[in-house]
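The values are calculated or read from the model by the stated rules, or taken from the named source; none is laboratory data. Values in this document were obtained by computation on a predicted structure and should not be read as measured data. Note that each Cβ is placed from the backbone with ideal geometry, even for glycine, and that neighbours are counted across all protein chains shown.
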Amino acid sequence: MGQKNRRQPQLMENVEIVGAGSEGMAVAKPDQKVVFVPFAAPGDVVDMQVIRKKKNYFEGKILQFHKLSDQRTTPECSHFGLCGGCKWQHLEYKFQLQYKQQQVKDNFDRIGKFDYPPILPILQSELKYFYRNKLEFTFSGRKWLTDGALSGTHQPEDLKGLGFHLPGMFDRILDIEKCYLQTDLSNHIRLAIKEFTIEKNYSYYDARKQDGLLRNLLVRNTSDGQTMVIVIALYNDERLQNELLPFIAASFPEITSLMYVINGKKNDQITDLSIQLFAGKPYLTETMASPIANEPLLQFRIGPVSFYQTNAVQAEILYKTAFDFANFKGNEFVYDLYTGTGTIANYIARSVKKVLGIEYIEEAIADAVTNSKLNGIQNTEFLAGDMAVVLNDELIRQFGKPDVIITDPPRAGMHPKVIENLIRIKAPRIIYISCNPATQARDIALLAPIYDVKAVQPVDMFPQTHHVENVALLELK
Ligand SMILES: C[S@@+](CC[C@H](N)C(=O)[O-])C[C@H]1O[C@@H](n2cnc3c(N)ncnc32)[C@H](O)[C@@H]1O
């Protein structure tokens, strides 16, 4: 009986979806169980099948709807439901914002357990679609076949795709017709390259066999339309330089930087490889308004592998929030931890005495120095190193104690050693910018014995997804 039950899929009928939870999943709580359900909306009533059972929660798949939530809207993208990219397109934007705000509160309450003032209303994104300035597509000789295309025989060219990895599948690619995240030029470039290379019989990469010429396509752009295209190939084939790249350059005069990379490694990382410029400039230049009125626009040089916030319009809102929280008087020494290409350091430099930016990618530090020069900024200094190693007493002795620390770590948050050092440094103010409220709450809880949380401001950088950026102002008790 037990065995039979195990084999039979567990069905749950007439279940109401009650929340929007972690990783973009919706949540149902039938019979005190927590069930995560993708592509559902709070207010939906569904029948579902339990597809995974974990100790503390189940995962469900919707079989049929009895009621559709009032919070729903029509997703723009035809790939919604398969592509892992924008899982909240079916939720009206005002509800997306509400759940992001709630996500910050839930993490602060459940993980943080420290006191904090009412969270300020989330700052919404001006652009709801087409807001990303960087997308990486993958070529595959084994694209994912949707139900309609599964039957029948296929020629090898029918199996070629250029798009995004399906969630959890390293070797299967969802062929993308139109992505709503980056400007339409990006779609046109990708489709033209796919059509040309299929017609000319270029081989596409097979991640299992590790063969096939074309691997990845990276498209980056700036707010004013500069566009960088990087073709990544497994080996150097003369057709790249003699045929494909000339075709791309001739078809899209809008491209301001055209590059290629030969990546013969197993992984897709290109930061450690030599990037060849085929045509145009070796970088893009993004601009951002200075936080000081009447100052010239700030300029940021973005090389092919440099980090830049992917929603440039919202980046300015995020930085302005941090700037306003810092309330600089002009005489402060500021540490900008996890500085990347020094964007925040350069953004605030004219309002403070000095900024020290720290980051572990050496190329990013080189870009940060260039960005200071480009903007005529002389009061910044940048240091390359792992934060857990370089932020120590020796550094404080060498550079001096900061009046303000801005910290913007990756999703994993700060290493415990970094927090230990922050506790030793005791800067009067810390501004903690985070793309993961869970690790932010964990870290602030460790700082809470000596810091009060004075303000919390979520910012929406990624509409149509569950991701939320959050800025917290901490003051020494
Ligand atoms: C969220 S980004 C912030 C970048 C920058 N503040 C900005 O707004 O453009 C986090 C940065 O931390 C850097 N990073 C990650 N782990 C690090 C570590 N252990 N030590 C130093 N930097 C690190 C990454 O390379 C990345 O540039």
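A few remarks follow.
- When we screen Thr227, Thr256 for residues that are touching a residue at least 24 places away in the same chain (Cβ under 8 Å) and within 23 Å of the chain's Cα centre (by Cα), the only hit is Thr227.
- Search result, residues across the stretch 426-441 that are more than 16 Å from the ligand (Cβ to nearest atom) and more than 12 Å from Asp115 (Cα to Cα): Lys426, Ala427, Pro428, Arg429
- Condition check for Val104: over 25 Å from the mean Cα position of the chain (by Cα), of a type in the set (A, V, I, L, M, F, W, C) and over 16 Å from Tyr129 (Cβ atoms): no
- Selection of the stretch 259-304 for residues being closer than 23 Å to Gly330 by Cβ, over 20 Å from the mean Cα position of the chain (by Cα) and surrounded by 17 or more Cβ atoms within 10 Å (Cβ to Cβ) yields Ser290, Pro291, Leu298.
- With respect to (1) away from the ligand (no atom under 14 Å from the Cβ); (2) under 30 Å from Lys401 (Cβ atoms); (3) not in a loop (DSSP other than H, G, I, E, B), the lone exception for Glu295 is condition (3).
- All told, Thr380 meets the bar of being in contact with a Gly (Cβ under 7 Å, 6 or more places away or on another chain) and either in the same structural domain as Gln226 (by TED's automatic domain parsing) or β-branched (Val, Ile, Thr) (or both).
- Selection count where residues are part of a loop (DSSP other than H, G, I, E, B) and either under 26 Å from Lys417 (Cα atoms) or of a type in the set (D, E, K, R) (or both), scope the stretch 442-477: 6
- Evaluation of Glu420 against (1) more than 9 Å from the ligand (Cβ to nearest atom); (2) under 25 Å from Thr321 (Cβ atoms); (3) of a type outside the set (Lys, Arg) (one fails), failing number: (2)
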